[in-house]
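Remarks on the structure that follows.
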Amino acid sequence: MDFSFTQDQIAIREVVRQFAKERLVPEYQARERGGTIDKKLTLEIGKMGFIAPALPENLGGHGLDNVTTGIIIEEIATGDHSVAYIPMLGALNADILRTHAPPEMAEEWLPRLTRGEVIIALALTEPQSGSDAAHLRMKARREGDVFILNGEKTSISFADQAEMCIVFARTGEEEAGARGVSAFLVDLNQPGVTRTRFDDVGTKIVGRGSLFFEDATVPANMMLGGEGKGFTQVMRGFDFSRALIGLQCLGPAQASLAETWPYIAERKAFGSPLARFEGVTFPLAEAETLVGAANLLCYKTLWLRDQGLPHTTEAAMCKWWAPIVAYEAIQNCLLLHGHAGYSTDFPHQQRMRDVLGLQIGDGTAQIMKMIIAREKVGRIAVPY
Ligand SMILES: Cc1cc2nc3c(=O)[nH]c(=O)nc-3n(C[C@H](O)[C@H](O)[C@H](O)COP(=O)(O)OP(=O)(O)OC[C@H]3O[C@@H](n4cnc5c(N)ncnc54)[C@H](O)[C@@H]3O)c2cc1C
């Protein structure tokens, strides 16, 4: 057993850490007030090679491993959790496209994704189906060489900023459930698509919102995977994003902890530094323990993926647990800053609001526990 990163991974971590410190941390709060991710920043992240580095070079990547992808996302999220949506979603979508897109499609879109020229969203959720995603209603009807899309997707990250979107739509009958759903790479800049934006609690620059498709079109050759197999094939990619999301939430928690230890050593009450009181240090010591354990679980999951070993159970564990651990750690840091911690002068409140969303996004804790149960006892543990 070897817990150390390689020399290359350590060197990459140093580069990303420096980038986060110099480029992301100083504008973290101002960026939220701005409301969107500046295109220049996305291009810069692309130029640094931080988006989907696991892709082979001919598709715009650097042939790096999944553990390194996790390192990059964790370090970016330490500076700005919302900006880390770009490499997190980029890694997930790149993995889906590399695995399921026809070669010409992959060659056209993946290098543009890795350069940060396009944001690709992923649209699964609908107003009436989130956790029960297999019962989506959006329709894709074939007419010659194109499919005509009609329906509504909601709660889509980057709904108002993405140029392209992986859209799940029903090409078969509703009774077919997950079978009968196909996935397409759709151009969002077309007359048949309109967008709205939500006023979210956190991750405001991600611009979650709805997408409305009214006779929008997608060429038939933009289908990912087989017809009627989009759901079952593409959903496998989520084992990857679930470990990355864990690290994306733990990064901000580590940032808050790193700021709170020196604060409690400095701040005095009852004639002593706060750090002399166990009531102050123990919650932080517990948070360090849980954050450290969740961090290891995420890297183990990515390592399993790198070895080609099963990791569905571990990925679901990362996804239900790490966002909760992160949220509670940041909350403790906020409280230990006293009244000042509750003001927007400190970044803890923003970090807390930011990481909260990923207790829901990409599947809730209940659904993740259902997946773990299914892996242990089989389909008897799922509703259908
Ligand atoms: C920050 C954020 C980003 C997101 N980004 C995207 C995106 O990019 N693309 C996309 O397609 N979607 C996205 N989503 C949507 C997200 O995937 C869904 O919100 C999520 O899957 C839950 O679906 P729902 O909101 O419809 O809740 P529901 O399915 O209505 O569930 C409501 C509650 O009931 C619980 N529940 C439901 N069924 C069961 C059950 N059988 N047993 C126990 N509990 C159950 C759920 O856990 C939840 O707590 C995002 C959401 C958020 C918050």
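Where a number appears in this text, it was derived from the coordinates with a stated rule and is not lab data. Just so it is clear, the structure is predicted and the values come from calculations on it, not from any experiment. Cβ: placed from backbone, ideal geometry, glycine included. Neighbour counts: every protein chain shown.
Assorted remarks:
- Note on the stretch 340-384 and the stretch 277-316: Cα centroid distance 14 Å, given to the nearest whole angstrom.
- Per DSSP, loop GluC sites (Glu not before Pro) in the stretch 104-197 with at most 12 further Cβ within 10 Å: Glu173
- FRET efficiency for the Glu375 to Lys268 pair, using the beta carbon distance and R₀ = 56 Å, is estimated at 0.65.
- Stretchable slack from Tyr384 to Tyr342, in nm (0.36 nm times residue separation minus alpha-carbon distance): 10.7 nm
- Angle between the chain longest axis and helix 7-19 axis [Cα atoms, degrees, rounded to 10]: 80
- Full extension of the chain between Ala30 and Phe3 gives 6.0 nm of extra length, using 0.36 nm per residue less the Cα-Cα distance.
- Three-way shape call for the stretch 62-155 based on the alpha-carbon gyration tensor, with the a/c threshold at 1.5: oblate
- Violating pairs (Cα-Cα greater than 23 angstrom) within the set Lys139/Lys369; Lys139/Lys376; Lys47/Lys319; Lys39/Lys139; Lys153/Lys204; Lys229/Lys300: Lys139/Lys369; Lys139/Lys376; Lys47/Lys319; Lys39/Lys139; Lys229/Lys300
- The chain, relative contact order [Cα under 8 Å, separation at least 6], %: 16
- Each label point was placed 7 Å from the Cα along the Cα-to-Cβ direction; for Asp145 and Thr281 their separation is 7.2 nm.
- Taking the stretch 73-97 and a reference point 7 angstrom along Cα→Cβ of Arg112, the backbone N atoms nearer than 20 Å belong to 86-97.
- Inter-label distance, nm, simple model (7 Å from Cα along the C-beta direction), Thr364/Val201: 1.3
- Helix 85-100 axis, angle to the chain major axis (alpha carbon atoms, nearest 10°): 30
- Theoretical ellipticity at 222 nm over the chain - DSSP helices of four or more residues, -39500 (n - 2.57) apiece, nearest 500: -15500 deg cm²/dmol
- The relative contact order of the stretch 1-85 comes to 35 percent, based on Cα pairs under 8 Å that sit 6 or more residues apart.
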